[in-house]
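Below is one structure, written out as structure tokens; comments come after it.
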Amino acid sequence: MRRVTLDRAGVMPTLTSANYKRPVLADAGHAYLYLTQENLMDEVTPTSHKIFSKYLSQRAVYAPTGRKNEEGKEEWAIDHYDDVEQVALAMQWRMAMSKTSHFASDGFWTADESGKADEYNKFKSWLDYAGMQNAWIELVWSCFSTGDAAIYTYQRGNDIEYKVFSRWGGYILYPDIDDKGNDVCWVEYTLKGKRAVDYYGVDYIDTWVYYDDKNEEDKKWLDKV
């Protein structure tokens, strides 16, 4: 593993469960099914519904077996299966879109902490120009359809830009807490076919890429990043 961008000197921060906020455990006897983000994405995508599975799209047809049970009644058993019409409804997609429309209707929230109305209004116009309202909708949609999302806003010259991290875009998020109790985030994704991880700390960002140090092609590729 090799770090590509160096925002500061030092070694890669460690991802340790000791810094995690402990979840509240439910009462004994409760059973839960933990869903992955892929499971949630399958729920909102009609073509991924399990109704298209051959194990769920056939109807069992029963017929008499010619045998009698202990009570002298005819025994019935599955004789064959009939194909059932497959209809996938986009109800989950519609519900996720409705929730997104409701919760994102107020737009990207900002507050005027300076008390200078003119500068605040100018700042809000910059947000509109940068498309932050669309970014907020994209963020909320990802939360309702994949269960997770993150947004990173930054300034490039005189422009305000943003990046939304979602499983739809191939990103996997790992929220963490550093040794000072600050919220940080690891973002795993694929960078030019290589597994990469970005670390978003409070004061810096690091990018790490996995590679084979014995592979000359990998070394040439890293030199071009």
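The values are calculated or read from the model by the stated rules, or taken from the named source; none is laboratory data. This one's a predicted model, so the numbers in the text were calculated from it and none came from an experiment. Positions of Cβ are backbone-derived with ideal geometry, glycine not excepted, and every protein chain shown enters the neighbour counts. These accessible areas exclude ligands, DNA and RNA; they are computed on the full protein's heavy atoms, side chains included. Shrake-Rupley method; radii C 1.70, N 1.55, O 1.52, S 1.80 Å.
Just to verify a result, which residue in region 129-184, among those that are among the basic types (K, R) and either open to solvent by less than 50 Å² (accessible area, probe 1.4 Å) or out of contact with any Ser or Thr (no Cβ under 9 Å at 6 or more places or on another chain) (or both), is modelled with the lowest pLDDT?
Pass one, region 129-184, residues among the basic types (K, R): 156, 163, 167, 180.
Those left that are additionally either open to solvent by less than 50 Å² (accessible area, probe 1.4 Å) or out of contact with any Ser or Thr (no Cβ under 9 Å at 6 or more places or on another chain) (or both): 156, 180.
Details: R156: 83, K180: 88.
The qualifying residue modelled with the lowest pLDDT is R156.
What's the number of the only condition in (1) open to solvent by less than 90 Å² (accessible area, probe 1.4 Å); (2) within 30 Å of I151 (Cα to Cα); (3) in contact (Cβ under 8 Å) with a residue 24 or more places away in the chain that K99 fails to meet?
The failed condition is (1).
Look at region 185-201 and say how many of its residues are among the aliphatic types (A, V, I, L, M) and more than 17 Å from the chain's Cα centre (by Cα).
Of the residues in region 185-201, the ones among the aliphatic types (A, V, I, L, M) are 187, 191, 196-197.
Now restrict to residues that are more than 17 Å from the chain's Cα centre (by Cα): 191.
So the answer is 1.
I want to confirm something. Restricting to region 152-186 and keeping residues that are of a type in the set (D, E, K, R) and not in a loop (DSSP other than H, G, I, E, B), which single residue is farthest from M132 (Cα to Cα)? Can you show your working first?
Quick first cut of region 152-186, residues of a type in the set (D, E, K, R) only: 156, 159, 161, 163, 167, 176, 178-180, 183.
So of that shortlist, the ones also not in a loop (DSSP other than H, G, I, E, B) come out as 156, 159, 161, 163, 167, 176, 183.
Details: R156: 15, D159: 12, E161: 8, K163: 10, R167: 20, D176: 25, D183: 22 Å.
So the residue we want is D176.
When you look at K194, is it without any contact (Cβ under 8 Å) to a residue 24 or more places away in the chain and either open to solvent by less than 60 Å² (accessible area, probe 1.4 Å) or among the charged types (D, E, K, R) (or both), yes or no? Can you show your working first?
Values: without any contact (Cβ under 8 Å) to a residue 24 or more places away in the chain: no; either open to solvent by less than 60 Å² (accessible area, probe 1.4 Å) or among the charged types (D, E, K, R) (or both): yes.
Here the answer is no, as K194 does not meet what is asked.
Out of all the residues in region 110-128, which are out of contact with any strand residue (DSSP E or B) (no Cβ under 7 Å at 6 or more places or on another chain) and either under 23 Å from W168 (Cβ atoms) or open to solvent by less than 80 Å² (accessible area, probe 1.4 Å) (or both)?
T110, A111, D112, S114, G115, A117, Y120, F123, S125
Of the numbered conditions (1) touching a helix residue (DSSP H, G or I) at 6+ places or on another chain (Cβ under 6 Å); (2) farther than 23 Å from K50 by Cβ, K99 fails exactly one; give the number of that condition.
The one condition K99 does not meet is (2).
Just the residues that are on the phi < 0 side of the Ramachandran plot and part of a loop (DSSP other than H, G, I, E, B), please, taken from region 67-86. Steps first, please.
Initial filter on region 67-86 (on the phi < 0 side of the Ramachandran plot): 67-71, 73-86.
Result: N69, E70, E71, K73, V84, E85, Q86.
Any idea how many residues of region 43-66 are among the aromatic types (F, W, Y), touching a residue at least 24 places away in the same chain (Cβ under 8 Å) and part of a strand (DSSP E or B)? Full working, then the answer.
In the first step, residues of region 43-66 are kept if they are among the aromatic types (F, W, Y); the result is 52, 55, 62.
Among the residues that remain, those that are also touching a residue at least 24 places away in the same chain (Cβ under 8 Å) are: 52.
Within this subset, residues satisfying the condition of being part of a strand (DSSP E or B) are none.
Of the residues in that region, 0 qualify.
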